[in-house]
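Notes to accompany the following structure.
All of the numbers you see were taken from the coordinates with simple rules; none came from a lab. The shown structure was predicted, so the numbers you read here are calculated from the model rather than taken from an experiment. Note that each Cβ is placed from the backbone with ideal geometry, even for glycine, and that neighbours are counted across all protein chains shown.
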Amino acid sequence: MRDSSKAQTGVRKRLEELSETVREDVTRTCFSLILPHGPPAQHVFSRIWDIPGPQWVRMASEDQTEQPCDQAFAFGPVPSRRLGMSIGVNVVPRKVCSYNCVYCQLGRTTKLTVERRVYTQTDPVVQAVRDKLAQAPHTDYVTVVGDGEPTLASNLGEVRGRIASEWSGRTALLTNGSLLWMSEVRSAAAGFDIVLPTISAGDQATFRRLHRPHVSLSFERCVRGLKSFCSEHADKIWAEVMLVREVNDSTRSLRAIGALIKELHPAEVHLTAPIRPPSVSTIQPPMRDSVELALSEIPGSVDFTRPEASEMPGSRADPVRHLIDIAGTHPLRRAQALDVLANSGMSGREADEALDSLVRSAAVIALDRQGEVFYVRGRQGAGRNTFK
Ligand code: SF4
């Protein structure tokens, strides 16, 4: 028994020496491996990681179910709290990213990289957007959002240019902003009408804890890129500050974020919160007090931490495919998922049955988030217009 305790202490000590990203990978891999070995093995490992059994069983099973390798190039339109009716565009496969944020609603990053390349050809992406726009001519924004970090796509500028040459509406780029220190990324981003970078940390420790970035990305490097971009394009920047309870919502953290925002001087600052199922299941949205504190510490900030209330539009062409594609990037509450189907012409009963059947066939997966069920795309939900 004493030997077993010693071994557990040794393993724990070794884990503490690993970087946060590697530690999470080792932990999740072990969780998945020991899952079939039942309660005795679970007990030992729970003691090593200090995490109750049921919680890591859930983390392991989430890890196994939330990593579809295929994804649609375009989805929506979806009502966005900040961008009105928006068609989403994916230019990198899930989940290729330079960060592995604890709050990410797309699950854990499977390829942590800063390598820029063509992840998918421009033509099929533009065609997918064209098809969506033909069905939804009253779209407010075409938003390159990605199933990872869109600025990793070296054809990002070309994709935007081709869309803009066929459509006179506005384009937006949702980015983590981590690659703006590269001049070619700044050039590609500059073509968008609006750029929405994440600015959720004002110091290196919070930055690492929140985003778990690629090893080559320091806080200073990312801030340098943001400053460079903002010095020329501040008028088109809407900064997003994702507030996470006990990670970046202390007075000290919020002051540091506020000081950085003051320097960058973006046109708008939006406070958001992890209201959909996050990559790390213990992550929580901020308490109301912290949102109030953020509003007072971060100059010009506006509260977008509450869930969107708008109706979800449907698609008469292929309602089920439409639902699956939205759920691939935008986890849906049950009412929203049913809305998509009902607005596509289904009766209430047909919509209920269709959604339950999608869950049974694993085309979508139901996840619990603080007592509320969200639907995300499952492995069986891949379809046409997908990355291969
Ligand atoms: S939230 Fe965005 S930046 Fe962070 S891991 Fe997810 S896709 Fe990457």
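Some values worked out for this structure:
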| read-out | value |
| --- | --- |
| ³J(HN,Hα), Karplus 6.51/-1.76/1.60, whole Hz, each residue of the range 290-302, x for Gly, Pro | 5, 5, 4, 4, 4, 4, 8, 8, 9, x, x, 6, 10 |
| Nonlocal amide H pairs with SER80, under 5 Å, H built at 1.01 Å | MET85, SER86 |
| Local electrostatic count at GLU268 - Lys and Arg +1, Asp and Glu -1, tallied over other residues with Cβ under 11 Å | 0 |
| Extension reserve of the GLU246-SER296 stretch, reckoned as 0.36 nm per residue once the Cα distance is removed | 16.2 nm |
| Ordering of 211-224, 139-152, 343-356, 78-91 by packing [mean C-beta count within 10 Å, highest first] | 139-152, 78-91, 211-224, 343-356 |
| Highest average packing first - 167-173, 153-159, Cβ atoms within 10 Å | 153-159, 167-173 |
| Over the range 74-303 - Rg/Rh using Cα atoms and the Kirkwood inverse-distance radius | 0.95 |
| Other-chain or far-sequence residues with amide H under 5 Å of VAL241's (modelled H) | ILE199, HIS270, LEU271, THR272 |
| Residue order, fewest to most surrounding Cβ atoms within 10 angstrom, among PHE192, PHE304, PHE75 | PHE304, PHE192, PHE75 |
| Inter-label distance, nm, simple model (7 Å from Cα along the C-beta direction), ALA205/GLN370 | 2.6 |
| Long-range amide H partners of VAL280 with built H, under 5 Å | CYS104 |
| Theoretical gain in end-to-end length, GLU184 to SER281 [0.36 nm per residue, Cα-Cα removed] | 31.4 nm |
